Amino acid sequence: MSSVENVITPSLIIPQRKSHFTQWFTGLESALSADLSLSLASHNLSTETLRIKLTRYPKLLLRFARTSSLHQNHAKAFLLRSEFVEDWSTLTTPLLSKLQPRALCALIYVWARLDTVPSESFCDQWLLQINQKRSFSVLPPSELSAILWSFTKLRRLNVDTNILNDWTQSFLESHREFNPKSLAMSIWGFAVLQVRPSREFFKAWADEFHRQSEFFDNESLCNSIWSISVLDAKPTRQFLDLWMNQLIQNDAELNPQQVSIALWGLAKLKTKPSADFMNYWNSRFIQCRRMDVSDVSLSLWALAELQISANEEVSRAMVRFIGTSSEELETVTQSDFVRLFRSISRGCTRFPKRLMISWCAYFESNHIQSVKLTEWCDVLWSFTRMDYTPSDSTIREFCLQFESRSVTRRKVQQKLSVNRLVRALSSLASMDYVPSGEFLMRWFVLIEKHRERIQARDLCTILWGLARLEVVLPVGAQSVFIVVVTRIQESRLNYVALQHFASCIFHLARLRVLVPRKTLIGWKKRYYSCMKSICTASSKPGKLRNRANERVAMVSSDFDMKWAFLTLEALRNSTEPDQRPND
């Protein structure tokens, strides 16, 4: 037996007592230094022997960490405080050029299972060797999916598109050998890496799902639908029906995360689930003993997106998971509250008003100070949707944050989308809270940057809020809103779009905006032309019953529109005293 083997033999035995852990770690470090130093000096080692030597120590550490939760915690602490990873990387990096692709992948896979990234120099050299050898085809399917999983765990690798293209090509050559677990892990890997694979990959993957669907367990099914949704893969209805039927046929318990993901995936793909699937989903949701508030929020969002109202039993289960007492709500984090409020405000599922107000009051008392500026808009909007009025000090805190310099940062401005800016203003208007001039100035600057993204519904809400607050619009804001209304006028106006168009003009009149004469004439002609077309269409045989409500709405709003056009014309004429009345 060599001296090196004498050094490492004691380390092969995993100690069970905590008092022996430090001695074991010391022996592991000593063995690593001695063994790999000799490997560097030796030129006669076979590739297989070298692979065994290089993977031996991370594998030993993995065995140690998997022994118990106590072992796992001490292994993590050892990796953080010691130089073990750095020493291993330093000794291993020069030897990578001698390894075959399969051995290179085995090294990365072990460290991924330890959730630890080797040094930057090791990662750079590993990527260089993989790019040079480019031979994923030698890996069996289980290892091919495992290496993609490793890429998701070790983000420092910065895997480029060439490596992923090589991986995809190897998948296309051997996809019929993949089992359901490997197939699910493969598409999940691309979703986590946020890399959309080729159309050929999606087709081959879907073909294999159709061929092997009956062997997919619930975990693989849920991971697959989540991945497809994240990648926006546009599966066929046949595929989704097969997915739903297979989940029902498995008839196995789902954990809380799988329950929420199953419905969330369908909602994300804008696919209405079958009645059988909803019965199955409801029963699985009710059977859950516990569920994180984040998963409840996902389920609420999915129900709202699918326009499905949760039944009474599911609603009661949601209340049980969220909690009602202060002691239960202590476990809900600030970010979970924000997601929950956002989901409740979107949807068809309503909870008792008293309960929602108690949740809002608890959040305001305990978490309001830690709310980020980008979340404030959603929080205030949710409060108004749940009929909760926060204190003046809370609203002032939001306004002060909005007036601060942080709103000028590029990252903050990117997150303050049109939707959030509209929600902020409409919430303040609903609460009859008039913000300061500094707030409005910053708000106008931000909304002007997003003018190309403002939709008709957004503009209706904006102008309604400004009119309710009796804000005097600056000239720059008036010009932006006139341009947006003109853009709406030039689009195709159906009944709903025409109502938005009319509402915008009405609120512009309330705000006493000066509209150029030619623009105003164009709006007026377009409005009455479209109204005439819609009223005529609603009078045709077979359409009267379906369009009667539209015709009544158009007639009732016509009185408002006459006032709006007269007001805008009067405002225009009052600034042009030299013009003749009949001009």
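The values are calculated or read from the model by the stated rules, or taken from the named source; none is laboratory data. Small disclaimer: the values here were computed from a predicted structure and weren't measured. Reconstructed Cβ throughout: ideal geometry from the backbone, glycine too, with neighbour counts over all protein chains shown. Surface accessibility is based on the protein's heavy atoms, side chains included, excluding ligands, DNA and RNA. Shrake-Rupley method; radii C 1.70, N 1.55, O 1.52, S 1.80 Å.
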Is there a residue in the range 367-377 that is over 24 Å from the mean Cα position of the chain (by Cα), more than 22 Å from Arg512 (Cβ to Cβ) and part of a helix (DSSP H, G or I)?
-> yes
Selection count, the range 131-141, where residues are part of a helix (DSSP H, G or I) and either touching a helix residue (DSSP H, G or I) at 6+ places or on another chain (Cβ under 8 Å) or of a type in the set (Val, Ile, Thr) (or both) = 6
Kindly check whether there is at least one residue in the range 416-436 that is assigned to a loop (DSSP other than H, G, I, E, B), under 24 Å from the mean Cα position of the chain (by Cα) and not basic (Lys, Arg).
-> yes
For the range 539-578, the count of residues that are assigned to a helix (DSSP H, G or I) and at pLDDT 55 or above equals 18
Odd one out for Leu463 among (1) part of a helix (DSSP H, G or I); (2) out of contact with any His (no Cβ under 7 Å at 6 or more places or on another chain) | (2)
May I ask you to say which residue of Leu54, Leu95, Leu80, Leu144 is modelled with pLDDT of 85 or more, open to solvent by less than 70 Å² (accessible area, probe 1.4 Å) and part of a helix (DSSP H, G or I)?
-> Leu144
Kindly provide the set of residues from the range 175-191 that are surrounded by fewer than 17 Cβ atoms within 10 Å (Cβ to Cβ) and in a helix (DSSP H, G or I), ordered by number.
-> Arg176, Glu177
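Listed here are the residues, each with its yes/no results for (1) polar (S, T, N, Q); (2) open to solvent by less than 30 Å² (accessible area, probe 1.4 Å); (3) more than 21 Å from Leu416 (Cβ to Cβ).
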site	(1), (2), (3)
Phe444	no, yes, no
Leu466	no, yes, no
Ser491	yes, no, yes
Asn494	yes, no, yes
Lys518	no, no, yes
Please verify whether the range 334-344 includes one or more residues that are closer than 27 Å to Leu428 by Cα, open to solvent by 60 Å² or more (accessible area, probe 1.4 Å) and either part of a helix (DSSP H, G or I) or touching a Phe, Trp or Tyr at 6+ places or on another chain (Cβ under 7 Å) (or both).
-> yes
All positions within the range 108-130 that are assigned to a helix (DSSP H, G or I), farther than 12 Å from Leu157 by Cβ and of a type in the set (A, V, I, L, M, F, W, C) = Val110
Residues being open to solvent by 10 Å² or more (accessible area, probe 1.4 Å) and either part of a helix (DSSP H, G or I) or closer than 22 Å to Leu380 by Cα (or both) - total across the range 314-330 | 10
For the range 557-576, pairs from a residue that is closer than 26 Å to Lys532 by Cα to a residue that is modelled with pLDDT of 80 or more and hydroxyl-bearing (Ser, Thr, Tyr), with Cβ under 7 Å and 6 or more apart or across chains, are Met561/Tyr527
Taking Ser426 as the residue in question, decide whether it is among the polar types (S, T, N, Q) and buried (at least 19 other Cβ atoms within 10 Å of the Cβ).
-> yes
Under the condition of being open to solvent by less than 60 Å² (accessible area, probe 1.4 Å) and in a helix (DSSP H, G or I), which residue from the range 34-46 is modelled with the highest pLDDT?
-> Ala34
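A quick yes/no check of all residues on (1) more than 29 Å from the chain's Cα centre (by Cα); (2) modelled with pLDDT of 85 or more; (3) open to solvent by less than 10 Å² (accessible area, probe 1.4 Å):
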position: Val85; (1), (2), (3): yes, yes, no
position: Ser89; (1), (2), (3): yes, yes, yes
position: Leu104; (1), (2), (3): yes, yes, yes
position: Trp111; (1), (2), (3): no, yes, yes
Name every residue in the range 205-261 that is among the aromatic types (Phe, Trp, Tyr), over 22 Å from the mean Cα position of the chain (by Cα) and under 20 Å from Ser145 (Cβ atoms), in order of residue number.
-> Trp205, Phe209, Phe215, Phe216, Trp243
The condition from (1) in a helix (DSSP H, G or I); (2) modelled with pLDDT under 90; (3) open to solvent by less than 40 Å² (accessible area, probe 1.4 Å); (4) not basic (Lys, Arg) that Asn162 misses is numbered (3)
Note on the range 262-301: residues in contact (Cβ under 8 Å) with a residue 24 or more places away in the chain and part of a loop (DSSP other than H, G, I, E, B) are Leu269, Lys270, Thr271, Lys272, Pro273, Ser274, Cys288, Arg290, Met291, Asp292
